Structures are given as C-alpha cells and as structure tokens.
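Contents: one structure, followed by commentary.
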Amino acid sequence: MFRLDGRRALVTGASRGIGLAAARQLRELGAEVTIAARQPDELQAAAERIGARWVRADVSRLADVQRAVEAAGDVDILVSNAGGPPPGMPSEVDEEAWATGFETTFMSTVRLVDGVLAGMRGRGWGRIVAITSLTVRRPALNLPVSNAMRAAVTNHLRTLALEVASDGVTCNTVAPGFTATERLKRLHSDAQEARRVQESIPAKRFGDPAEVAAAIAFLATDEAAYINGQEIVVDGAYTV
Ligand code: NAD
C-alpha cells in the first residue's frame with residue numbers, strides 16, 4: 001500500500017526543511033527523486049543523505065526552472081517549494097518586494113508546472129503539489145507578500161485541476177502551520193516566545209517537517225487519485 005515505485009519526482013526548495021522531508025518520504029516510498037535548491041554544497045550533502053539526485057536551481061528564474069525540469073527527466077510528481085517571502089507591514093511593501101515574491105512564490109510554481117504538465121498528460125498520470133502556508137487560511141499581519149502570493153498559487157492549482165482532472169493529473173496544495181524546521185527554530189530561538197506561540201496552537205506544539213511531508217507523499221500516491229484541486233492544512237488545528 002502507498003508505494004511510488006517507478007515514479008519520478010522533482011522536489012524544489014529541498015536542501016532542508018519541509019522540502020527535504022518531502023523528498024525523503026518520496027524516496028522511502030520508492031520514487032526516483034531529484035532535489036533542487038540554490039546552494040550546491042548543502043544540496044549535494046542532502047541528496048547523498050536521502051539517495052536522491054540533485055540539480056542547482058533558483059526557482060525564481062525561468063532558465064533555472066527549465067534546467068531543473070530537464071535534469072529530472074519525465075517528472076511524474078512535482079513538489080513546488082521555495083523559501084518564504086520576508087516579513088514586513090502590508091502598507092510598506094515596495095515594488096521590488098512584490099516583484100520578488102511574484103517570481104519566487106507564484107511564477108516558480110507556474111513555470112515548474114508548465115515544464116512538467118505536457119508529459120504528465122501524455123502519460124495519463126501526474127501529481128502536482130505546491131507547498132503554501134497557513135497564511136492562505138489565516139493571513140499573518142507581517143507576511144503580506146506570502147498571504148497574497150500563496151493565495152494565487154492555491155487558486156492557480158485549483159483552476160488547473162479543472163482542466164487536467166480527466167487526464168489523470170491532480171493539482172493540490174499543502175499548507176503547513178508552524179513547523180519546526182531550522183528556520184522556524186531560529187525565528188523562535190527565544191524559549192519563552194516559542195512557548196507562547198506553541199500555547200496558541202491547539203496541538204500545543206510545533207509540527208514536525210515529517211508530518212507535513214506525509215500529507216505531500218500521500219497526495220503523490222495512486223490512492224489519492226480522486227483528491228484534486230484541494231488544500232490540505234497541516235497545522236495542529238491552528239486555523240480552525
Ligand atoms: P526553509 O527555509 O527551511 O527551506 C526552504 C528551502 O528552499 C531551502 O532548501 C532553501 O535553500 C530553498 N530555497 C529558498 N529559496 C529558493 C529559490 N529561490 N530557489 C530554490 N530553492 C530555494 O523553509 P521551510 O520551513 O522548510 O518552509 C518551506 C516553505 O513552507 C516555505 O515557503 C515557507 O515559507 C513555508 N512555510 C513554512 C512554515 C514553517 O513553520 N516552517 C509555515 C508556513 C509556511
């Protein structure tokens with residue numbers, strides 16, 4: 001049950017954190033996996049740890065996205081991910097921050113999908129999963145670019161699902177809540193502050209990257225074929 005043998009996956013933003021956890025689980029289920037990120041050293045070390053191939057790519061750049069898709073081969077499973085936009089107040093976001101968020105968070109997914117979709121439709125099987133954020137359900141005051149761009153990703157994939165559902169391709173998003181990656185641990189390095197945030201989560205703890213990865217991996221299986229155009233929030237009931 002829940003195997004991915006013979007499937008080929010491309011996971012971007014996967015040298016660490018949730019992306020790496022997702023790549024690891026896809027490998028464990030038997031998929032052949034290529035991971036992509038910007039820093040070759042960290043990426044190569046991560047790839048060796050999980051038995052994946054790697055390709056250097058900044059997903060905010062079209063040429064890099066095309067290179068990653070080419071390196072991965074016939075992609076059956078796409079997990080679109082990158083680092084989140086920086087914080088700031090909504091009224092203070094400048095043109096450059098909007099443009100960077102647009103390229104890194106939204107156009108990266110659009111372009112990755114463009115690169116793999118024809119092959120998936122041709123083979124009659126495909127799984128597209130974008131990692132978004134709980135901010136789609138509950139906008140965070142200091143993450144205006146994330147709130148907007150992830151909503152755009154979510155609705156793009158929901159729209160795409162309408163077009164490709166009859167071709168055996170599913171398009172879903174997984175929205176993590178507070179997840180204990182190195183980045184989050186750094187952001188909440190003050191123990192008292194971390195405790196306060198955890199108290200605001202009904203589960204009373206941060207999520208584990210593997211718990212988000214499990215939802216992504218499940219969406220990639222044959223068994224998830226009828227789940228399409230959906231958003232799975234993995235947040236310990238925070239957004240309820
Ligand atoms: P992370 O910062 O630990 O990892 C991000 C990964 O993406 C790294 O491998 C990094 O090298 C790579 N990356 C960044 N920019 C890239 C680019 N332009 N091109 C290619 N690779 C790039 O992040 P994480 O905590 O694992 O989160 C993954 C995603 O989920 C992020 O978008 C984040 O904003 C979002 N998210 C995380 C949380 C959380 O609590 N961890 C909560 C909600 C949403």
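The values are calculated or read from the model by the stated rules, or taken from the named source; none is laboratory data. No experiment lies behind these values; they were computed from the predicted model shown. Positions of Cβ are backbone-derived with ideal geometry, glycine not excepted, and every protein chain shown enters the neighbour counts.
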task = Answer yes or no: is there a residue in the stretch 27-44 that is within 26 Å of GLU231 (Cβ to Cβ), among the charged types (D, E, K, R) and in contact with a Lys or Arg (Cβ under 8 Å, 6 or more places away or on another chain).
result = no
Test: residue in the stretch 185-206 that is surrounded by 15 or more Cβ atoms within 10 Å (Cβ to Cβ) and away from the ligand (no atom under 13 Å from the Cβ) = no
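Quick check on my filter: what residues within the stretch 23-45 are part of a helix (DSSP H, G or I) and within 9 Å of the ligand (Cβ to nearest atom)?
Taking the stretch 23-45 as the starting set, the residues that turn out to be part of a helix (DSSP H, G or I) are 23-28, 40-45.
Within the stretch 23-45, GLU42, LEU43 qualify.
Looking at ALA97, ALA71, can you tell me which residue is surrounded by fewer than 23 Cβ atoms within 10 Å (Cβ to Cβ), closer than 23 Å to ASN155 by Cβ and not hydroxyl-bearing (Ser, Thr, Tyr)? Before you say what the answer is, go through the steps one by one.
Values: ALA71 fails: closer than 23 Å to ASN155 by Cβ.
The match here is ALA97.
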query = Could we say that SER15 is in a loop (DSSP other than H, G, I, E, B), within 12 Å of the ligand (Cβ to nearest atom), modelled with pLDDT of 95 or more and buried (at least 22 other Cβ atoms within 10 Å of the Cβ) here?
reply = yes
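Just give me the residues in the stretch 46-59 being surrounded by fewer than 21 Cβ atoms within 10 Å (Cβ to Cβ) and either under 15 Å from the mean Cα position of the chain (by Cα) or not in a strand (DSSP E or B) (or both), in sequence order. Write out each step before concluding.
Keep residues of the stretch 46-59 that are surrounded by fewer than 21 Cβ atoms within 10 Å (Cβ to Cβ), which gives 48-51, 53, 55-56, 58.
Passing the criteria: GLU48, ARG49, ILE50, GLY51, ASP58.
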request  = Provide a single number: the residues in the stretch 33-42 that are more than 16 Å from SER80 (Cα to Cα) and either surrounded by 14 or more Cβ atoms within 10 Å (Cβ to Cβ) or small (Gly, Ala, Ser) (or both).
outcome  = 1
request  = Just give me the residues in the stretch 94-115 being within 16 Å of the chain's Cα centre (by Cα), small (Gly, Ala, Ser) and farther than 15 Å from ALA36 by Cβ, in sequence order.
outcome  = GLY101
message = Of the conditions (1) farther than 20 Å from THR179 by Cβ; (2) more than 14 Å from the ligand (Cβ to nearest atom), ARG56 satisfies every one except a single condition; which number is it?
response = (2)
ask   = When the residues of the stretch 116-150 are filtered to those that are crowded, with 22+ Cβ neighbours inside 10 Å and among the basic types (Lys, Arg), which remaining residue is nearest to the chain's Cα centre (by Cα)?
value = ARG150
